[in-house]
Amino acid sequence: MRRTQRVLCFAAHPPAAGVADVGRAMLQRKRGRAAQAAARRDTAEAARGKVLPAVRVDFGAAAQLIHCEWPPGSPADAAADDALTNVQLLPNYVTPDEEGEILRTIEAHLGGEPWETAHADQLIRGYREKYVHRDLLTACIPLRRFYDFAAGISQPSEDLHFLEYTPEGYVRPHLDNPDNSSTFVAGLSLESPRVMYLTPKFATEGPDAQSMLPGRDYPFVSIVLPPRSVYVLTGACRYSWLHSIDYLPNDSVHLDDRLHFKGGVLEGEHRRSRKCVILRGAASGS
């Protein structure tokens, strides 16, 4: 009702042309956002239950676990090589026995933490987490080795980030806050596979960003994260590309419980609970 009254008031006192232009532009943007949201919902609904090709990969072969799509004429064509040289994936970084030791250590620290529906910034859904100082983890040799590995890249934070997802949990596309970390992020994946997506920062900017979906008019990278593997993001992939876990770029509704990769789904795999250990470069001044 208030909105109707304002329109009538404007009709009685015609505004300057500039004000009218702004009003029309705001209305067009509002209609555009509504249309984009409807398109995303339709895309998600169409994908649910859709028969997709099964993709078979060897969890021990890094070359099979990273997939890039670069649409013709993409603004990121020239940056493709730079992006990929800043992604490192190390399958079978720890043995099954070492994984068991790490999981017991995580459970000792994380077991009493409550499950959270969503992060304060809405980036993470279905999870629990805890930051543990490295001095409390000296008894776990595989975690000490992981910390020393990260230190070979750059000075890591003193805290290791323990994170556990529910089967439905995911992480939306985001850039880490440079005030809290720097230079690199390294993750040790445990228990079950998930898929990480990298989206160029420019794809999330501008009036059409929210209508973009994988395979359309911007590049993206998919990375299968097998259990017991380590991934490292540095350089351009740290602050020029957004990263997400099991959340297709700019998709407001996660599609289903399958693991989407290379236009299909990983054969024989579904999203299950997953634990991981994350190390980030120490923030400047820390």
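Annotations for the structure displayed:
- Inside segment 204-223, residues that are more than 30 Å from PRO96 (Cα to Cα) and either open to solvent by less than 20 Å² (accessible area, probe 1.4 Å) or at pLDDT 65 or above (or both) make up a count of 5.
- Taking segment 241-286 and the strands (runs of 3 or more DSSP E) fully enclosed by it, the elements with 1 or more residues that are of a type in the set (A, V, I, L, M, F, W, C), over 15 Å from the mean Cα position of the chain (by Cα) and at pLDDT 90 or above are at 264-270, 274-281.
- Scanning segment 85-96 for residues that are of a type in the set (A, V, I, L, M, F, W, C) and surrounded by fewer than 15 Cβ atoms within 10 Å (Cβ to Cβ) gives no hits.
- Residue match in segment 185-199 (condition: at pLDDT below 80 and in contact with a Gly (Cβ under 9 Å, 6 or more places away or on another chain)): no
- Residues of segment 155-181 that are hydroxyl-bearing (Ser, Thr, Tyr), in a loop (DSSP other than H, G, I, E, B) and modelled with pLDDT of 90 or more: SER157 alone.
- Counting the residues of segment 224-240 that are in a strand (DSSP E or B) and at pLDDT 95 or above gives 5.
- For segment 90-108, a tally of residues being in contact (Cβ under 8 Å) with a residue 40 or more places away in the chain and out of contact with any Gly (no Cβ under 9 Å at 6 or more places or on another chain) returns 11.
- Options GLU99, GLU107, GLU113: the member that is among the acidic types (Asp, Glu) and open to solvent by less than 50 Å² (accessible area, probe 1.4 Å): GLU99
The values are calculated or read from the model by the stated rules, or taken from the named source; none is laboratory data. These figures come from a predicted structure and were not determined experimentally. Glycine also receives a Cβ, built like all others from the backbone with ideal geometry; neighbour counts cover every protein chain displayed. For accessibility, only protein heavy atoms count, side chains too; no ligands or nucleic acids. Shrake-Rupley method; radii C 1.70, N 1.55, O 1.52, S 1.80 Å.
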